[in-house]
Amino acid sequence: MQNPYNVWGTLPSGSSSEIPPSIYGALPWNDSSSTAAPRLHTFYFTALNPSITNCVVLGPNNDPQFYVTTDSNLPGYTVLKAAQNGQKFGLIEWKSGGSQVEIRGAVPKQAASTFLSLSPDQRYRIMHVGRSDYIWMPDQDGIRMCLGGDMSSTTLAKVTRESSSFKLEMRSEAVQAGLVHSAIAAIVLLESGTRI
């Protein structure tokens, strides 16, 4: 039987992809040459025309990922859609008596004040998505989102205002949990200047 560790000293630098992962789990496999998913996914809400209710959401490589559009012919509605295929994934209906929000596959049509309910002490908002709650709370330089019930938990997303855009950084866990669409809707509601 060959010693599985003897390949460590025999492979040239940079050829770690030839080392198989540990089958016994005793040692982690760290293939630094692989293109692992980044820890943070960054999106920019840009081309605010004139506000976040009409903008382009850029993703990696500054490619458009989503469009937030409020048609001047139908000013009471903001549509959220994917840039790649034009598929609508969300709708915000602006009403003086209370706006409505719907996110396909995640949030059924409901009052924006239910989707982003205000905490009893009015210090943060609670975003309800499926069976989970997430807290959006002010931070030193923006707004951060963490898992509901524990404001000291890991920050899953953070929004900061830049000179002519908003920057959203989301951890891979939040992206993999399918929270991108809900986060986009929440940010549009929170940064629209309209009372929720």
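Please treat every number below as a calculation from the coordinates, not as lab data. Computed from a predicted model, the values in this text were never measured in an experiment. Using ideal geometry, Cβ is built from the backbone for each residue, glycine included, and neighbour counts are taken over all protein chains shown.
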Open item on the list: Sort 157-163, 123-129 by packing, meaning the average of other beta carbons within 10 Å per residue, with the highest value first.
Closed with: 123-129, 157-163
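Among 85-92, 97-104, 179-186, how do they line up by average Cβ neighbours within 10 Å per residue, starting with the highest?
The densest-packed peptide leads the list: 179-186, 97-104, 85-92.
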- [ ] Calculate, for E173 and N54, the FRET efficiency according to 1/(1 + (r/R0)^6) with r their C-beta to C-beta distance and R0 45 Å; round to the nearest 0.05.
- [x] 0.90
Task: Viscosity 1.567 mPa s, 4 °C: Kirkwood-radius Stokes-Einstein D of the range 40-191 over Cα pairs, µm²/s - done: 83
- [ ] Could you compute the FRET efficiency for T155 and D71, with r as their C-beta to C-beta distance and R0 at 30 Å, rounded to 0.05?
- [x] 0.30
Task: FRET efficiency for L40 and M137, using Cβ-Cβ distance with R0 set to 22 Å, rounded to 0.05 - done: 0.70
TODO: May I ask you to list the lysines whose Cα is less than 18 Å away from that of K88, ignoring any residue fewer than eight positions away on the same chain?
DONE: K109
Task: the range 62-106: radius of gyration and largest Cα-Cα distance (Dmax), Å - done: 11.5, 37
